[in-house]
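Written below as structure tokens is the structure these notes are about.
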Amino acid sequence: MTQLPHTPFTPWTSRPTADVRRASQAQYMHGMTEILAAEGPMQALSLFQIYGKASGVMKLAAPVRKLCERALLAGVKVGEIVLEKEEDSEIDGPDDSVGWIVRLPDQPRVVVRDLGNRGFADIPMSELAALVLEIRTQDEFMGREDIYRAVLDHYGLQKLTALVRRRLDKVLQVYF
């Protein structure tokens with residue numbers, strides 16, 4: 001199989017941000033849009049975790065996650081951030097921010113990138129679907145196991161874990 005085109009993943013260069021538990025809306029937007037400029041489109045939960053870690057908070061408790069969601073939705077309302085909800089195998093309903101894919105208004109909706117410092121669970125479903133489409137374009141009769149293997153190869157992963165299988169099965173169900 002030929003090497004698929006992709007964009008290198010560029011992680012945000014971390015710097016201290018305003019405390020995620022006490023930030024103002026302007027501080028949230030400054031930090032979130034800066035992270036999105038480097039890493040968007042991305043899952044909202046990943047955005048919150050990166051912001052929180054930069055502010056010195058290692059784990060986001062539910063109330064802090066709600067503060068982040070509220071700030072993000074305010075940014076969406078004024079047009080600073082674009083949000084699309086995706087069906088992800090790992091979400092607890094449509095209001096779970098794991099399924100919220102966020103980006104800046106001038107960023108493309110989907111970018112197929114290498115894994116970078118992301119975990120497989122952090123890759124937007126739309127990015128996985130675009131990759132599967134590229135793979136299937138090369139061989140439309142490719143079986144499910146071959147698709148799994150090609151996706152793993154693309155991301156430099158070895159093991160077909162339950163998470164990888166669940167997410168790719170969901171991509172195949174929703175997008176194909």
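The values are calculated or read from the model by the stated rules, or taken from the named source; none is laboratory data. Here the structure is a predicted model, which is why all the values come from computation and not from measurement. Reconstructed Cβ throughout: ideal geometry from the backbone, glycine too, with neighbour counts over all protein chains shown. These accessible areas exclude ligands, DNA and RNA; they are computed on the full protein's heavy atoms, side chains included. Shrake-Rupley method; radii C 1.70, N 1.55, O 1.52, S 1.80 Å.
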Subject >> For the range 1-124, radius of gyration divided by Kirkwood radius, i.e. Rg to Rh on alpha-carbons >> reply: 0.96
Original post:
PRE reach from ARG70 (point 7 Å along Cα→Cβ): which of the range 7-49 fall under 14 Å by backbone N?
Top reply: 20-26, 28
Original post:
With every protein chain left in place, what is the accessible area of ARG15 in Å² (1.4 Å probe, nearest 10)?
Top reply: 80 Å²
Subject >> For the chain, built as a Gaussian network whose Cα springs stay under 10 Å, the top-fluctuating residue of LEU163, LEU45, LEU131 >> reply: LEU163
Original post:
Taking only Cα atoms, what is the 0 to 90° angle, nearest 10, from helix 125-138's long axis to the longest principal axis of the chain?
Top reply: 20 degrees
Subject >> Most to least packed among 113-120, 69-76 [average Cβ atoms within 10 Å] >> reply: 69-76, 113-120
Original post:
Given Cα pairs under 8 Å that are at least 6 residues apart, what percent is the relative contact order of the range 1-119?
Top reply: 35 percent
Original post:
Which parts of the range 39-61 would a label at ASP114 reach, counting a residue when its backbone N lies under 19 Å from a point 7 Å out along Cα-to-Cβ?
Top reply: 39-41
Original post:
Per residue, how much accessible area does the chain show when a 1.4 Å probe rolls over the protein heavy atoms, in square angstrom?
Top reply: 51 Å²
